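First the structure, in the form of structure tokens, and then the observations on it.
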Amino acid sequence: MKRIIGHILSPLHHIGFFFFLIVFQPIQWLCYKLGGYKAHKVSVDALNFCLMISYYLVLDSISFKNEQNPAFIDTYANILYKLGKKDEALIWEKKAIELASD
């Protein structure tokens, strides 16, 4: 039943998604040109929020998973070490070891 409703409401999602992209493109450009990175970041965050709203229009749910990969964290620690940030690299390396042991 949910799948049928999703097929019926999907044009609504596409219209909302397209509308938000069209509206936010000039807003992002203006924010970046006039306000710099911080203003642009705020406009991008607002766009992401509105794009998530477009999923709610089709009665869909959104969930976020924080799956950290120990290999990525280890690589990040290695880069920090090579940049000379040894103390911070040790902190991230310990996190990678903890995640790998779980």
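The values are calculated or read from the model by the stated rules, or taken from the named source; none is laboratory data. This one's a predicted model, so the numbers in the text were calculated from it and none came from an experiment. Cβ placement follows ideal geometry from the backbone for every residue including glycine, while neighbour counts extend to all protein chains displayed. Only protein heavy atoms, including side chains, enter the accessible area calculation; ligands, DNA and RNA are left aside. Shrake-Rupley method; radii C 1.70, N 1.55, O 1.52, S 1.80 Å.
Some notes on this structure:
- Subset of the range 27-62 (residues that are open to solvent by less than 70 Å² (accessible area, probe 1.4 Å), without any contact (Cβ under 8 Å) to a residue 12 or more places away in the chain and outside any helix (DSSP H, G or I)): ILE62
- Residues in the range 27-64 that are touching a helix residue (DSSP H, G or I) at 6+ places or on another chain (Cβ under 9 Å) and within 30 Å of ASP102 (Cα to Cα): SER61, ILE62.
- Filtered by the rule that a residue be aliphatic (A, V, I, L, M) and either open to solvent by 100 Å² or more (accessible area, probe 1.4 Å) or closer than 15 Å to ASP102 by Cα (or both), the range 65-91 gives ALA71, ILE73, LEU83, LEU90.
- Qualifying residue in the range 10-26 (condition: in a helix (DSSP H, G or I), open to solvent by 100 Å² or more (accessible area, probe 1.4 Å) and within 30 Å of ALA100 (Cα to Cα)): no
- Filter result for ALA89 (touching a Pro at 6+ places or on another chain (Cβ under 7 Å) and assigned to a helix (DSSP H, G or I)): no
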